[in-house]
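Trainee: Before anything else, here's the structure in question.
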Amino acid sequence: MESLRVALAERSYPINIGAGLIDRADLYPLRGTAAIVTNDVVAPLYLARVRKAVEAAGARVVDVTVPDGEQAKGFETLNRVFDRLLTSRLGRDAVIVALGGGVVGDLAGFAAATYQRGIDFIQVPTTLLAQVDSSVGGKTAINHPLGKNMIGAFHQPRAVISDVQTLDTLPDRELRAGLAEVIKHGVALDAAFVEWLERNMDKLLARDRDALIYAVRRSCELKAAIVAADERESSVRAYLNYGHTFGHAIEAATGFGPWLHGEAVASGMVIAAELSVRAQLLKPADAARIRALVARAGLPVRPPALAADRWHELMSHDKKAAAGRTRFILLEALGRARQMPVEPALVEAAIGAAAQ
């Protein structure tokens with residue numbers, strides 16, 4: 001097992017990475033009662049094992065299983081979780097255990113942030129996307145029809161338990177979607193990691209255990225450092241949203257489901273690279289490297305066909321917008337991101353170039 005720490009003073013917590021970790025009772029910091037929140041895909045695979053470990057840690061266990069998929073990340077499913085917590089008479093000493101991918105982690109984390117004004121939770125991510133990104137940093141949310149993750153809270157977990165063995169049961173499409181966030185960490189924050197990904201993409205796609213552990217660890221190292229420096233996204237943490245302004249627009253336009261989050265972010269990264277070139281920041285050769293790496297991961301490089309006004313409407317709901325203008329995360333070079341507003345004509349030209 002490898003362990004990192006997110007340094008947030010008294011709210012610091014460990015990220016444990018390895019194989020077979022979900023069975024280790026000593027990794028679950030629990031007291032009182034634990035509510036395991038999972039979905040109907042993950043539950044048959046891992047709920048019994050996590051329940052056994054949580055009970056061995058000394059907690060009484062209740063569980064709630066929600067539907068799978070991004071469309072489940074809304075008020076109706078959130079109330080389903082609250083109903084279970086309330087009917088089970090869980091108090092403020094309860095701990096929520098989020099067992100699943102990014103949707104479960106975001107939903108369960110937001111339930112923890114708001115139930116009785118806030119209770120503890122533990123992230124047990126079972127997808128690559130969640131292990132490298134969404135389980136770390138304390139962003140919790142549900143979706144609104146007008147925008148992704150628009151209703152949420154910052155609420156840090158007590159611990160993250162990333163068991164890479166759970167990736168053995170992950171569908172290929174979900175694995176590729178997770179690689180989008182791995183690529184994002186490299187192109188936005190670490191050029192050397194981009195080079196490593198270019199050398200090792202085939203190993204990652206083949207689920208080589210050592211390569212996956214390194215990709216998870218390096219992604220978490222990069223994200224943990226950013227979160228420690230800017231927990232509530234007032235400055236550099238926004239760089240972690242590279243590709244997401246366009247990606248969230250794609251998800252909203254297509255109804256939160258046909259495009260997986262990682263697929264939408266992948267296409268969004270290609271558009272953002274093209275926009276960086278048009279803003280005279282990024283070399284065209286580096287934009288080409290990003291597009292090639294996304295394609296090698298088996299991810300979409302071309303966005304869906306949307307009218308220009310639809311793009312602008314959807315992106316106007318982005319959380320980085322200020323004074324009525326959308327601010328984009330662009331690249332000055334591989335591994336060096338920055339945030340700035342861009343003229344709409346350049347945005348439209350970048351979308352058109354990515355669609356070619």
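Trainee: State all residues of the range 286-345 that are hydrophobic (A, V, I, L, M, F, W, C) and part of a loop (DSSP other than H, G, I, E, B); if no residue qualifies, say none.
Mentor: Passing the criteria: Ala297, Leu299, Val301, Ala305, Leu306, Ala307, Ala321, Ala323, Leu334, Val342.
Trainee: Say we look at the range 334-344 and pick out the residues that are surrounded by 14 or more Cβ atoms within 10 Å (Cβ to Cβ) and hydrophobic (A, V, I, L, M, F, W, C); which of these is modelled with the lowest pLDDT?
Mentor: Val342
Trainee: Select from the range 112-145 the residues that are assigned to a loop (DSSP other than H, G, I, E, B) and either within 19 Å of Asp172 (Cα to Cα) or out of contact with any helix residue (DSSP H, G or I) (no Cβ under 6 Å at 6 or more places or on another chain) (or both) and write down the one among them that is modelled with the lowest pLDDT. If you could, list the steps in order and put the result at the bottom.
Mentor: Applying the first criterion (assigned to a loop (DSSP other than H, G, I, E, B)) to the range 112-145 yields 118-119, 126-127, 135-138, 145.
In the following step, the residues that additionally are either within 19 Å of Asp172 (Cα to Cα) or out of contact with any helix residue (DSSP H, G or I) (no Cβ under 6 Å at 6 or more places or on another chain) (or both) were identified as 118, 126-127, 138, 145.
Working: Gly118: 97, Thr126: 98, Thr127: 98, Gly138: 96, Pro145: 86.
Taking the candidates together, the pick is Pro145.
Trainee: Another one. Cβ contacts < 6 Å: first residue closer than 8 Å to Ser267 by Cα and touching a residue at least 24 places away in the same chain (Cβ under 8 Å), restricted to the range 290-301; second residue hydroxyl-bearing (Ser, Thr, Tyr) and not in a loop (DSSP other than H, G, I, E, B), any location; separation 6+ or different chain. Result?
Mentor: Listed pairs, sorted by first residue: Pro300/Ser267.
Trainee: May I pose another question? Scan Val97, Val132 and give me the residue that is hydrophobic (A, V, I, L, M, F, W, C), within 12 Å of the chain's Cα centre (by Cα) and surrounded by 24 or more Cβ atoms within 10 Å (Cβ to Cβ).
Mentor: Values: Val97 fails: within 12 Å of the chain's Cα centre (by Cα).
It is Val132.
Trainee: Scanning the range 17-41 for residues that are out of contact with any Asp or Glu (no Cβ under 8 Å at 6 or more places or on another chain) and crowded, with 21+ Cβ neighbours inside 10 Å, which turns out farthest from Ser88 (Cα to Cα)?
Mentor: Step by step, filter the range 17-41, then rank; the result is Leu27.
Trainee: Given the criteria closer than 18 Å to Ile161 by Cβ, in contact with a helix residue (DSSP H, G or I) (Cβ under 7 Å, 6 or more places away or on another chain) and modelled with pLDDT of 95 or more, does Tyr13 qualify?
Mentor: no
Trainee: Cβ-Cβ below 9 Å, separation at least six or inter-chain, first residue in the range 233-248 and of a type in the set (Asp, Glu), second in a helix (DSSP H, G or I): which pairs?
Mentor: Glu233/Leu240; Glu233/Asn241
Trainee: Okay, moving on. Can you report the number of residues in the range 226-272 which are assigned to a loop (DSSP other than H, G, I, E, B) and under 22 Å from Ala349 (Cβ atoms)? If you could, list the steps in order and put the result at the bottom.
Mentor: To start, the set of residues in the range 226-272 that are assigned to a loop (DSSP other than H, G, I, E, B) comprises 230-235, 242-243, 254-260.
After this cut, where a residue has to be under 22 Å from Ala349 (Cβ atoms) as well, the list is 242-243.
So the answer is 2.
Trainee: Which of the numbered conditions does Gly58 fail, given that it passes all the others? Conditions: (1) part of a loop (DSSP other than H, G, I, E, B); (2) touching a Pro at 6+ places or on another chain (Cβ under 8 Å).
Mentor: (2)
Trainee: Starting from the range 97-119, keep only residues that are in the same structural domain as Pro44 (by TED's automatic domain parsing) and over 16 Å from Arg80 (Cβ atoms), then list their pairs with residues that are in a helix (DSSP H, G or I) and of a type outside the set (Gly, Ala, Ser) whose Cβ atoms are within a distance under 6 Å, requiring at least 6 positions of separation or different chains.
Mentor: Correct list of pairs: Gly102/Leu129.
The values are calculated or read from the model by the stated rules, or taken from the named source; none is laboratory data. Because the structure is predicted, anything quoted here is derived from the model rather than measured. Quick reminder, even Gly has a Cβ in these numbers, built from the backbone with ideal geometry, and neighbours come from all protein chains shown.
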